[in-house]
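We did not get these values from a lab; they are worked out from the coordinates using the rules stated. Being a predicted model, the structure only gives us computed values, none of them experimental. Please note: Cβ atoms are built from the backbone with ideal geometry, for glycine as well, and neighbour counts cover all protein chains shown.
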Amino acid sequence: MTARLIPFRRPGAGSDEAWRLAQEVLAVPLKDREARSAELRLDDPETLLAVLSVLREQLPSTPHRILEESRFLYRFLEKPRRPIGLLDERDYFLGEAALLSGMASRLLAQREEARRWFDRAEASYRLTVDAVAALSRLSYQRLALDLEERELDRVLELAPRLSESFTKLGMVEDALKCRSLEGLALMELGELGSALTVFGEICGAASQTSAEQVLASAYVNLVHLHAMRGDTPNALAASREAIPILKRAGNRIDLAKIEWGMATLMRKTGQRRAAVDAYRSAQRQFARLGMMADVAAGHLVIADLDLELGQDQDAMREILAALPVIDELKMVPEGLAALSLLRESVRQQRINRQALRDLHGYFEEINT
């Protein structure tokens, strides 16, 4: 078996034993797992493939846990140097574990950590023979990180090229995910009509394939786009398409994003108090997922709504709750001026409304 050639999906009927073993592996506490590695067959490529597949499926539901699991797997494979398979499987699986660690770190807004994991993934992939597909998947994750850091011109330049590369490799789902990056960049630039076109095309293409999660994600982004335009019927229609798919997959991240989108719609249509409640609900879901950047964004947008409702002291409390999270995540390169103004206004007990809006707008965009 050459592990690098096996696509990432649940193994078929012939691999039921490996799939069962994957469940057994993940049921063993991390502190006990290395000592039981022989019993669990952690040096078997089929078991590793199944374990990584399960972890990838669970990433949108439990990113913190997946980060811990993938870190363990990387360190287990790295030292001591364990022989895995017959060819370059060890390097392939090191790359996959590092890539998954980077993906989880990115979701949790640990961006410097994500970069380090992506560098480790590249170092391992380059030691494999057929590295093109793996390196392309890595390029997608790095481009997603560029989007979050608002390198929008770079995303708009490279996403179509990377999508074409995936298409040539026969990786249709990955090609559509690249188009999603393009659509998100257009959304952040305020080109809502163009973004609607992109996500509409993604929905059409994904519905013709088995790319169900890409389809659901596209509908989630359509919820946000329609909400930003105050288009209630289309926002609700997109949410109805997405929610059943997301629930079947246990995708808690995108379910929380739908609730955030509906809160935006309520705000856009003048339902301020209902919007506050909806933002708080989405915020609680993000908190349970450990996605603290989104929690901070929630505090800031709720603070802005509190000001609209004449509840200045409540707004101050929301801002004070957000600032430590922003400091911890070090996420303000472009929003630094707004953050400084907001800090000063808090010190003077007079909230700078424009600084607040600039900052929560920045946070909402980078966490779309």
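For the chain, find the longest principal axis of its Cα atoms and tell me its angle to the long axis of helix 292-308, 0 to 90°, nearest 10.
On a 0 to 90 degree scale, this one is about 10.
What are the radius of gyration and Dmax of the range 8-116, computed over its Cα atoms and given in Å?
In order Rg, Dmax, the Cα atoms of the range 8-116 give 13.3, 40 Å.
With axes computed from alpha carbons, what is the tilt in degrees of helix 232-249 against the longest principal axis of the chain, rounded to the nearest 10 within 0 to 90?
The angle comes out near 30 degrees.
So what is the 222 nm mean residue ellipticity for the chain from helices alone, if each DSSP H run of at least 4 adds -39500 (n - 2.57) and you divide by all residues, rounding to the nearest 500 deg cm²/dmol?
On the way: 19 runs with 282 residues, N = 368.
Calculated mean residue ellipticity at 222 nm is -25000 deg cm²/dmol.
Picking from Gly193, Gln271, Ile253, whose Cα lies most toward the positive end of the charge dipole for the range 190-285 (charges on Cβ: Lys, Arg +1; Asp, Glu -1)?
Gln271
Rg to Rh ratio, the chain, alpha-carbon atoms and Kirkwood radius?
Radius of gyration over Kirkwood radius for the chain works out to 0.99.
Could you give the Stokes-Einstein D for the range 86-175 in µm² per second, using the C-alpha Kirkwood radius, 10 °C, 1.306 mPa s? Spell out each step's value before the answer.
Working: Rh = 13.4 Å.
Estimated diffusion coefficient is 119 µm²/s.
May I ask you to compute the full-extension gain from Glu164 to Glu24, defined as 0.36 nm times their residue separation minus their alpha-carbon distance, rounded to one decimal in nm?
Numbers: separation 140, 0.36 × 140 = 50.40 nm, distance 3.90 nm.
46.5 nm is the gain from fully extending Glu164 to Glu24.
Pick from Val54, Val301, Val129 the residue whose mean-square fluctuation is largest in a GNM of the chain, springs joining Cα atoms under 10 Å.
Of the options given, Val129 has the highest mean-square fluctuation.
Tell me, what is a quarter of the convex hull surface for the C-alpha atoms of the range 190-285, in nm² with one decimal?
Working: hull surface 23.4 nm².
Spelled out: convex hull of the Cα atoms, projected over all directions, averaged, 5.9 nm².
Which angle from 0 to 90°, rounded to the nearest 10, does the C-alpha axis of helix 89-107 make with the longest principal axis of the chain?
Roughly 10 degrees between the two axes.
Can you tell me the Rg and Dmax of the range 139-243, counting just the alpha carbons, in angstroms?
Reported Rg and Dmax, both Å: 13.2, 39.
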